[in-house]
Amino acid sequence: MKLNFKSVFCFALAALLAVTALMPACLSENTYTKFSRRALDIFDTEITLMGYARTQEEFDRAFDDTMALLRRFDQVFDAYNAYEDLNNLYYVNRHAAEAPVEIPEELFALISWCKEQWSRGLRSTNIAMGAVLSIWHTYREAGLANPEAAQLPPMEDLLAASKHTDFDQVILDAEKQTVFFADPQITLDVGAVAKGWAADAVLPYLKEHMPSFLISLGGNVYAGDAPLDGRANWAVGVEDPRPDENGGGLMYRDIVDVHDLTVVTSGDYWRYYVVDGQRYHHIIDPETLFPSTKMISVTIICESSTLADFLSTTLFVLSPKDGLKLIDSMEGVEALWMLTDGTQQASCGMAQYLRSLKNAGGAV
Ligand code: ADP
Ligand code: MG
């Protein structure tokens, strides 16, 4: 066959087309796609994992492994249910006044960390306040089950319980990994920090197997490495705490742009019940023994989700002024307050993350 320019050109074109036809198959080996899945049966909240993986199977494996870890933590930190062969929080609350109880290392680590904060003088989040919190829990559950008959807990019950909330009466032995209650009526409730701790605890796994991810446990979000679609950050919504009052539909008040950081919000709109037309939510001020009414929500951004979860509850109880003082004294921690008059307060460094402040040139 005589080769002329035209046939060489046609051959080259055909070869190019053949290679191009093969390209999607070859490329897909190295191309990452964004996947997302939800679980509704862990930590009594909605958990979403989003991440970039090469295949659905790869993502599903990361999702299943992560949920298995979270399910274990949920059982360990559960104060309301027993599990076979597990000295979880429920078991501790029933038996730690009889004799020291050996506990799983996750639980020991979390209680120790919270006790350190208590010893530093940060006492608005007190996980040894279980006696008071369980009274509110009982009345809230009853009120939700039967809204017509919803009632507030009697103050004398709350006051009596508050006599048994001294964290110093919780004795930890690091060597034996045991916990003992010197006050037989004290109990622990780690609801204020458990989800943050769990988010930190799945980080090493996710960083290794699916580094570009975003996980949300209720209001606790951790954004991993930047998304693989060219964006520098994940966009995390700061929920509108009063969507109905603001015309409904609009779910986010603002957006923060982050990677390798956690964004944790505590608010009065997550868990509450209504008595005589008034909302009573789930974050209790140790001073008043009633739900704190100083703000609508507070959002924390920092590297540690445990710290962010602890601080979101702490700042929700402190006045916005005292909260700002605390945040200003901490390195690498920023906060955003939604106040009861509809305005916002933000710590200085929040301007680097919050879209409304970035667009406003950083003015707080
Ligand atoms: P969420 O669980 O909705 O993310 P938080 O992180 O603020 O909100 O935790 C609220 C939970 O913490 C409550 O359900 C209760 O179990 C517990 N809690 C409420 N108030 C306090 C407090 N002052 N100190 C310690 N734990 C608290
Ligand atoms: Mg919290």
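Annotations for the structure displayed:
- For Asp78, the stated conditions hold: it is closer than 18 Å to Asn220 by Cβ, open to solvent by less than 50 Å² (accessible area, probe 1.4 Å) and part of a loop (DSSP other than H, G, I, E, B).
- Number of positions in region 203-225 that are over 25 Å from Met251 (Cα atoms) and crowded, with 23+ Cβ neighbours inside 10 Å: 2
- Residues satisfying the stated conditions in region 215-267, i.e. at pLDDT 95 or above, over 12 Å from the mean Cα position of the chain (by Cα), assigned to a strand (DSSP E or B) and not hydrophobic (A, V, I, L, M, F, W, C): Asp257
- The listed residue being under 21 Å from the mean Cα position of the chain (by Cα) and within 16 Å of ligand 2 (Cβ to nearest atom), out of Val193, Val202: Val193
- All positions within region 81-108 that are open to solvent by 60 Å² or more (accessible area, probe 1.4 Å) and among the acidic types (Asp, Glu): Glu84, Asp85, Glu98, Glu102, Glu105
- Some residue of region 125-133 being assigned to a helix (DSSP H, G or I) and open to solvent by 20 Å² or more (accessible area, probe 1.4 Å): yes
- Failed item, numbered, when Glu116 is tested on (1) among the acidic types (Asp, Glu); (2) open to solvent by 40 Å² or more (accessible area, probe 1.4 Å); (3) in a loop (DSSP other than H, G, I, E, B): (3)
- Scanning region 293-308 for residues that are under 16 Å from Leu336 (Cβ atoms) and away from ligand 2 (no atom under 13 Å from the Cβ) turns up Lys294, Met295, Ile296, Ile301.
- Pairing residues of region 79-104 that are on the phi < 0 side of the Ramachandran plot with residues that are of a type in the set (Asp, Glu) and surrounded by fewer than 13 Cβ atoms within 10 Å (Cβ to Cβ), at Cβ distances under 9 Å and at least 6 apart in sequence or on separate chains, gives Asn87/Glu102; Pro100/Asp173.
The values are calculated or read from the model by the stated rules, or taken from the named source; none is laboratory data. All values reported here derive from a predicted model rather than from experimental measurement. Neighbour counts run over all protein chains shown; Cβ positions are idealised from the backbone, glycine included. Only protein heavy atoms, including side chains, enter the accessible area calculation; ligands, DNA and RNA are left aside. Shrake-Rupley method; radii C 1.70, N 1.55, O 1.52, S 1.80 Å.
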